[in-house]
Amino acid sequence: MKNATDLQRLGLNVRSSRYDLRSPIKFGGRVVSDMTVVSVDCDAETVSSRALGLGSMTMGVTWAWPDPSIAEPVKLEILVELVHRIAAAFSDNAITGHPLDLCCEMVPVRETIAKQLASDRNLPTCIPALAVLLAASPVEAAVFDAHGKAAGQSSYALLSRPHVNHDLAHYLGDAAYRDLWLGDLIAARPVKSLPLYHLVGALDPLDAQDLSQPIGDGMPETLHEWILRDGLSHLKVKLNGDDLDWDAQRVIRIYQTAISARAPSRPGQSDWAFSLDFNERCSDEEYVLAVLERIANTEPDALRCIEYIEQPTHRDLERLPTITMHRVRERLPVVIDESLVNLRSLRMAIKQGYSGIALKACKGHAEALLLGAVARHENLYLCVQDLTCVGAALLHSASLAAHIPGVSAIESNGRQFCPAANERWLTDYRDFFEVRGGHVPTGILSGPGLGYGNDPTLG
């Protein structure tokens, strides 16, 4: 059935920018010192209106494509080329309708494009599914943003009848979702505010005694200073995953740094929320349990701060089915991140003992909405994280988190490591990039499209 809000024509343009990081980030045993951001502009038409949509995402190639046999600059070049080819395919395709239908119909197309690109570049292996999702993500965001702007409404308010023709059973291939619509599980309006998870990388100084080489740019240099300036209450802790003593002691020191900056409001009460990210480096759940036990025996209050654990072991769940998380789940929620590439991987993770999922805008807006709806409907643990998102990418991630009921916080580390990429957004969205009070005002992301407006550089 045709709808007045259906997209009839798309024209997409791709542009990219490179930034040096303020300080390096270490995760998963790898150090990153620069980043490339790809933005996509979508000129879209409906039967009665026209609008320009914007999608943007950090090309986190180290995260999405960790294969050490291919040089990082080569992988980045291929990933950016993949964005261009996917955008061209959207522009050239004659399909019309709701962005959800367009994006779902383009899944096999983008997979074919990725295979062809791998062949063109004589790659020894296929481009990983996670990297393909990353390349498609700014394209999907631009299309959804343009759709909402053309309709003069929030994209999140256009997820049910009469704007969407199919129920979730159609998109998920699961009869249990018959007569259930995406708009039944995704909120049309954002929550007013959300607390912000601040990243504590493995290289980050916690206090003055750790600070050997000050940056001297006027921004906070240590975790202690960040807490005092931004009023933080949520910390995402990067761990090594292969050094039990270091990992346990790192969590304990971070807890001690946190309470030295702001003492608990009442004795015995935790005012802090930590997430632990092992970046796939743990050999098995025994290691995770050993870290938790060491923390419990040394600083039990630190253990009480831990909200959830992220992706402890290798992302390939199918290759390593004997590594499960059932016992970890009995102690704390444990979620997949790198493993989550589709509904099948979600189902596999739950069978292997995981509690839920970490959604990211960098895996595609359509995928995030659909898997977020599944997590809500099936009462899975749910969180939203970023990928050193800056500018519109961070605002997109925040809008996604703010429209999925049950998400209790958002993550943002682009403001820590690449503030230069946020400068042009400060006039309208300063409170997202220069945080005070530990929260960001997600309620303002309620305008047409994905809620963040147009790129200031385009006027």
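What to note about this one:
- Take every pair of alpha-carbon atoms less than 8 Å apart whose residues are at least six positions apart; their mean separation over the length of the chain yields a relative contact order of 19 percent.
- The magnitude of the dipole of the chain, with charges of +1 and -1 set on the Cβ of Lys/Arg and Asp/Glu and taken from the Cα centre, is near 700 debye.
- A crude spin-label estimate for the pair ASP34 and ARG178, with each label 7 Å from Cα along the Cβ direction, gives 5.6 nm.
- Paramagnetic reach from ASP271 in region 202-239 [backbone N under 16 Å; point 7 Å along Cα→Cβ]: 224-235
- For LYS75, the aspartates and glutamates whose Cα comes closer than 12 Å to its Cα, not counting residues fewer than 8 places off in the same chain, are ASP67.
- Between region 397-459 and region 9-69, the Cα center-to-center distance that results, in Å: 16
- Put simply, the C-alpha atoms of region 121-224 give a gyration tensor, and the ellipsoid matching it has half-axes of 41, 23, 16 Å, longest first.
- Per-peptide packing, taken as the mean over residues of other Cβ atoms within 10 Å, places 286-298, 52-64, 320-332 in the sequence 52-64, 286-298, 320-332 from highest down.
- Peptide packing: for 132-139, 372-379, the average count of neighbouring Cβ atoms within 10 Å per residue gives the ranking 132-139, 372-379, highest mean first.
- Stretched out straight at 0.36 nm per residue, the stretch from ILE95 to ASN342 would grow longer than its current Cα-Cα span by 86.6 nm.
- DSSP bridge analysis restricted to the chain gives an antiparallel fraction near 55%, rounded to the nearest 5.
- Our estimate of slack between ALA187 and ASN379, defined as 0.36 nm per intervening residue step minus the Cα-Cα distance, is 67.5 nm.
- Each of HIS396, HIS403, HIS314, HIS84 was scored by other Cβ atoms within 10 Å of its Cβ. Arranged with the fewest first, they read HIS314, HIS84, HIS403, HIS396.
- Exposure proxy for CYS42, CYS126, CYS305, CYS282: other Cβ atoms within 10 Å of each Cβ, ordered fewest to most, give CYS126, CYS305, CYS282, CYS42.
- Label zone at ASP217, where the point sits 7 Å out along the Cα-to-Cβ direction: region 34-67 residues whose backbone N lies under 12 Å: 34-35
- Gained length - THR322 relative to VAL107, 0.36 nm times residue gap less alpha-carbon distance: 74.4 nm
- Amide H contacts under 5 Å for TYR354, placed H, 5+ residues apart: MET325
- For the chain, calculated [θ]222 nm from helices alone, where every DSSP H run of n ≥ 4 adds -39500 (n - 2.57): -11500 deg cm²/dmol
- Length-normalised contact order for region 9-179 - Cα pairs under 8 Å, 6+ apart - percent: 26
- Charge dipole (the chain, unit charges on Cβ, about Cα centre) - positive-most of PRO300, LEU395, PRO220: LEU395
- The amide H of LEU359, built 1.01 Å from its N in the peptide plane, has CYS383, VAL384, GLN385 as neighbours under 5 Å, considering only residues 5 or more places off or on other chains.
- Taking region 194-458 and dividing mean pair separation by its residue count, relative contact order in percent (alpha carbons under 8 Å, at least six apart): 18
- Neighbour net charge for TRP181 - beta-carbon separation under 11 angstrom, K R +1, D E -1: -1
- Chymotrypsin sites (Phe, Trp or Tyr not before Pro) lying in DSSP loop within region 209-259, provided at most 11 other Cβ fall within 10 Å: none
- Computed about the Cα centre, the dipole magnitude for region 1-118 is approximately 240 debye when only Lys and Arg (+1) and Asp and Glu (-1) carry charge, each at its Cβ.
- For LYS2, a cut-off of 20 angstrom between C-alpha atoms picks up these lysines, skipping any fewer than 8 places away in its own chain: LYS149.
- Modelled label reach - ASP245, point 7 Å along Cα→Cβ, region 297-316 residues with backbone N closer than 13 Å: none
- Among the listed pairs LYS236/LYS351; LYS26/LYS115; LYS192/LYS236, those beyond 24 Å (Cα-Cα): LYS236/LYS351; LYS26/LYS115
Each reported figure results from applying straightforward, stated rules to the coordinates on display, with no laboratory input. Keep in mind it's a predicted model, so treat the numbers as computed, not measured. Please note: Cβ atoms are built from the backbone with ideal geometry, for glycine as well, and neighbour counts cover all protein chains shown.
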